[in-house]
Amino acid sequence: MNRTTMTIARHAVLRTWREKWGLISWLVIPMMLVFLMSLMSGGGSSPKPHGKVLVTDLDQSVLSQFLIGSIGQGPTAEFFTVKAVSKSEGQRLMDAGEASAWLMIEKNFMDDYLNKKPTIIRLRKNPAQTVLPNMVETGMEVMVDAADYLQMLFADELQRINKMVISGKYDDADLVALTLAIKRAIDDIESTLTPPQIKLEKYINLVEENQNKPRFNFALLMFPGAVFMSLLFAAMSMSMAFWDDKANGILPRLAVTPHGLRDYFIGKTAHAKAMFLITSLILMAIGVWYFEVDVTLLPLLIIWLVFSGVVIWQVLLFFSLLMPSRKSANIVVNAAMLPLAMLGGSFFPAETMAEGLAKLGSFLPNGMLLKAIKDVMVRGEPWQNALLWPFIIGLLVAMILWFINLRMVNRLAREARS
Amino acid sequence: MIKIQSLTKRYGELIAADDISFEVNPGEIFGLLGPNGAGKSTTINCLSGLLKPTSGDISINGHAVIGDGVAAKKHLGLVPQDLALYEDLSGRENLNFWGQAYGLSGPALNKRIDQVLAQVGLTDRQKDRVETYSGGMKRRLNFACAILHQPKALLLDEPTVGVDPQSRVHLLNSVRTLKEQGAAVIYTSHYMEEVEQLCDRIAIIDKGAIIAQGSIATLRKQMGEKDLIELKGNFSSIDVEVLKEYDVQEWKDNQVQFWCEHAASKLSEILQLFKDCDIKETSVKQANLESLFIKLTGRALRD
Ligand SMILES: Nc1ncnc2c1ncn2[C@@H]1O[C@H](COP(=O)(O)OP(=O)(O)O)[C@@H](O)[C@H]1O
Ligand SMILES: [Mg+2]
């Protein structure tokens, strides 16, 4: 890298950093979605242990039912029978060791939540069991986190989720609409809050009544997909940045500097790598802390994620630069996001999709790269086997597109497009 | 320093630049004067290497722009017609960016940034984001970014469009300074006064082609000493014959234009000729580039 390249990369990083809401939204939305999805989507189908969860809902509000209902919904539904009990009956059954866990929600829970007062959900786990009580705990933690974030950021969307929960229907269209609404809400926040000043406080506490054992990591299945959604968001935003540079006159002016657009493009590539690296580091930190990602795999995972990000970025950039105007590029790139995310296994793990769709998804660049890394992360395949072909294919695609895209950036600088 | 020979640029049927040739020497400001759409930006963009000419040769400091681009561009500074700045960076950060794009760095770059900031009068605002600047300040910064590397050839494409008088003065003075330092400058504008004040030599360009070229003095000769008189009124009842002593530019039922020496002293005499024509408006344009443009094209420079 020479000086111009460094300058381009450095200024691009600086600008991304100043607009850090973009970066935050790439990270937060997919994580929120994995939390929600893991509870809302129809789960896998392998045989599982079965247990009983006791529930004492003294509040009987929409929210308490939503939170408790989440245990009886989605992937966890197959693990548990949920039983509503009175306080004394719960006490008795837990003491007798006849249930995996007992959740109790106090009176006025929802009022307190809406009024932003600290609220509590009590969880008591059966110490004789390991997996099932921890699943309840993880599930509830996820819900509590989600409820917190939703409450802070997405009042309207929260209403919609509640409606979905009450009606018991979550079809794809709703989820897509929800995702877009959340993305839009984040974008709005981005534009209205400068400097951004949202402090996330926890209003709900999950109080555990007996000491926990290692957490069951069923969400690990969801997590890699969510990470790839972050990569998709980042790639999408960076594939549109060229149109910004066209619009603000930077691109044509750089084209007449001695080293021109080649250095610029190398610099932008370095910027993209840096952004994917930051994204991966943060997400992998979450992964290790929350999803029990194997620490020894970290270097490999991070390299793979940066590599994947660059491949996905080049693909989106190709379509973006092919378009005759910024507007059409924006539409195309945005429109490509959802099928890529859906089929590529970012909303629903490929394992839960119909076979044909999963197959189709594995031909998408993000689907292919995600499947490879999941084989390593989740299924424990040797990485040399799992990653080799996806790496070769991804590298070829990225390299060919890199040169094509460089040409197209050159054209963009010189043409009267806007 | 800047040499352009038979430059032609076509966009399909449209000829945006038509067989344009001129040379600009060190320490000289060359004006390209023409209305909107005349082909000024097209010429500048071919010169800078942004656009590829359909035909013709362009060289800067002896280096062909197409073929030896890296060497040619090293000596070139461009102030584009459209601003080229990062609005979300500060003025200084923008200068830093463009300075490095031209290969400057370290203390030398910092010193140059300080110099140009002072030159365009933005020292006080250097730390503020560009989005908070006025239009004139952005124009000045846009200019400053082009001169950091002390180019031997400087191209300015309508740098004063939409600029407040103070910024205009700043800009024009800066251009003069560069000329004194020996740069070859091309200055495009559709403001006749500006070009007349600033430039040593001028080319008047219309519909892609140069229609007159030379020093102000040469062009003066082409203009003649005549002023252009324009009358508005009702001329349907009178014959063009009344103006047989004059050089008629335009004769319409509601408007006439003709050339006349020492118009000011003859105006009352002339108005007498038109006493029945219900004259509503009288204007006299003294011989200048604008009147020359009208003479050559039959149109006003700004329409
Ligand atoms: N990319 C382009 N494609 C087609 N026509 C163009 C393009 N750029 C400029 N033109 C046309 O070329 C002519 C000259 O334009 P330009 O050089 O921008 O004029 P000026 O700078 O003197 O106002 C105009 O008629 C303009 O519409
Ligand atoms: Mg122009």
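The values are calculated or read from the model by the stated rules, or taken from the named source; none is laboratory data. Just so it is clear, the model here is predicted, and its values are computed rather than measured. Because the Cβ atoms are built from the backbone with ideal geometry, glycine has one as well, and the counts that use them run over all protein chains shown. Heads up: the accessible areas ignore ligands, DNA and RNA and are worked out on the full protein's heavy atoms, side chains in. Shrake-Rupley method; radii C 1.70, N 1.55, O 1.52, S 1.80 Å.
Listing for the model above:
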read-out	value
B:LEU109 vs. criteria open to solvent by less than 20 Å² (accessible area, probe 1.4 Å), among the aliphatic types (A, V, I, L, M) and under 27 Å from the mean Cα position of the chain (by Cα)	no
Top-ranked residue of region B:179-207 - restricted to ones that are more than 16 Å from ligand 2 (Cβ to nearest atom) and of a type in the set (S, T, N, Q), ranked as nearest to the other protein chains (Cβ to nearest Cβ)	B:GLN181
Per-region count, region A:225-248, residues facing another protein chain (nearest Cβ under 10 Å) and either open to solvent by less than 10 Å² (accessible area, probe 1.4 Å) or out of contact with any Asp or Glu (no Cβ under 8 Å at 6 or more places or on another chain) (or both)	3
Residue in region A:111-128 that is at pLDDT 75 or above, among the polar types (S, T, N, Q) and open to solvent by 60 Å² or more (accessible area, probe 1.4 Å) present	no
Answer residue from region A:387-400, given it is crowded, with 20+ Cβ neighbours inside 10 Å and of a type in the set (A, V, I, L, M) and is modelled with the highest pLDDT among those	A:ALA398
Test: B:ILE210 is in contact with a Ser or Thr (Cβ under 9 Å, 6 or more places away or on another chain), away from ligand 2 (no atom under 16 Å from the Cβ) and assigned to a strand (DSSP E or B)	no
Verdict on A:ILE266 being open to solvent by less than 10 Å² (accessible area, probe 1.4 Å) and not polar (S, T, N, Q)	no
Search result, residues across region A:2-26 that are open to solvent by 20 Å² or more (accessible area, probe 1.4 Å), more than 20 Å from B:SER90 (Cα to Cα) and aliphatic (A, V, I, L, M)	A:ILE24
Some residue of region B:243-253 being in a helix (DSSP H, G or I), free of Cβ contacts under 8 Å to residues at least 60 places away in the same chain and touching a strand residue (DSSP E or B) at 6+ places or on another chain (Cβ under 7 Å)	yes
So A:ASN334, is it in a helix (DSSP H, G or I), exposed (fewer than 15 other Cβ atoms within 10 Å of the Cβ) and touching a residue at least 12 places away in the same chain (Cβ under 8 Å)	yes
Per-region count, region A:298-331, residues open to solvent by 30 Å² or more (accessible area, probe 1.4 Å), under 20 Å from A:THR279 (Cβ atoms) and not β-branched (Val, Ile, Thr)	4
The listed residue being modelled with pLDDT under 65 and either open to solvent by less than 10 Å² (accessible area, probe 1.4 Å) or in a strand (DSSP E or B) (or both), out of A:SER38, A:SER45	A:SER38
Hits in region B:23-72 (condition: open to solvent by less than 30 Å² (accessible area, probe 1.4 Å), in a helix (DSSP H, G or I) and within 16 Å of ligand 1 (Cβ to nearest atom))	B:LYS40, B:THR42, B:THR43, B:ILE44, B:CYS46, B:LEU47
Region B:152-171, residues that are of a type outside the set (D, E, K, R) and open to solvent by less than 10 Å² (accessible area, probe 1.4 Å)	B:ALA153, B:LEU154, B:LEU155, B:LEU156, B:PRO159, B:THR160, B:SER167, B:LEU171
Residue in region B:172-189 that is farthest from ligand 1 (Cβ to nearest atom), counting only those that are farther than 17 Å from B:HIS75 by Cβ and part of a strand (DSSP E or B)	B:TYR187
Residues of region B:90-149 that turn out to be within 11 Å of chain A (Cβ to nearest Cβ) and of a type in the set (Asp, Glu), as a count	2
Residue list for region B:73-83, restricted to those being facing another protein chain (nearest Cβ under 9 Å) and crowded, with 22+ Cβ neighbours inside 10 Å	B:LYS73, B:LEU76, B:LEU78, B:PRO80
Selection within region B:113-151 - more than 27 Å from the chain's Cα centre (by Cα) and over 20 Å from B:ASP88 (Cα atoms)	B:ASP114
Counted residues, region B:135-163 - those being away from ligand 2 (no atom under 16 Å from the Cβ) and at positive phi	1
Test: residue in region A:233-242 that is at pLDDT 90 or above, in the same structural domain as A:ILE286 (by TED's automatic domain parsing), more than 15 Å from A:VAL315 (Cα to Cα) and over 10 Å from the mean Cα position of the chain (by Cα)	no
Any hit, region B:109-128, residues being in contact with an Asp or Glu (Cβ under 8 Å, 6 or more places away or on another chain), over 29 Å from B:GLY37 (Cα atoms) and in a helix (DSSP H, G or I)	yes
Which numbered condition A:GLU292 fails, given (1) in a helix (DSSP H, G or I); (2) open to solvent by 60 Å² or more (accessible area, probe 1.4 Å); (3) in contact (Cβ under 8 Å) with a residue 60 or more places away in the chain	(1)
Cβ-Cβ under 7 Å pairs, at least 6 apart or on other chains, region B:8-21 side free of Cβ contacts under 8 Å to residues at least 12 places away in the same chain and assigned by TED's automatic domain parsing to the domain that holds B:SER55, far side within 16 Å of ligand 2 (Cβ to nearest atom) and open to solvent by less than 20 Å² (accessible area, probe 1.4 Å)	none
Number of the exception - B:TYR187 against (1) crowded, with 20+ Cβ neighbours inside 10 Å; (2) at pLDDT below 95	(2)
Qualifying residues in region B:1-16 (those that are surrounded by 17 or more Cβ atoms within 10 Å (Cβ to Cβ) and more than 7 Å from ligand 1 (Cβ to nearest atom)) - the one nearest to the other protein chains (Cβ to nearest Cβ)	B:LYS9
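The rows are residues; the columns are (1) acidic (Asp, Glu); (2) on the phi < 0 side of the Ramachandran plot; (3) surrounded by fewer than 21 Cβ atoms within 10 Å (Cβ to Cβ).
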| site | (1), (2), (3) |
| --- | --- |
| B:GLN197 | no, yes, yes |
| B:ILE211 | no, yes, yes |
| B:THR218 | no, yes, yes |
| B:LYS226 | no, yes, yes |
| B:GLU230 | yes, yes, yes |
| B:PHE235 | no, yes, no |
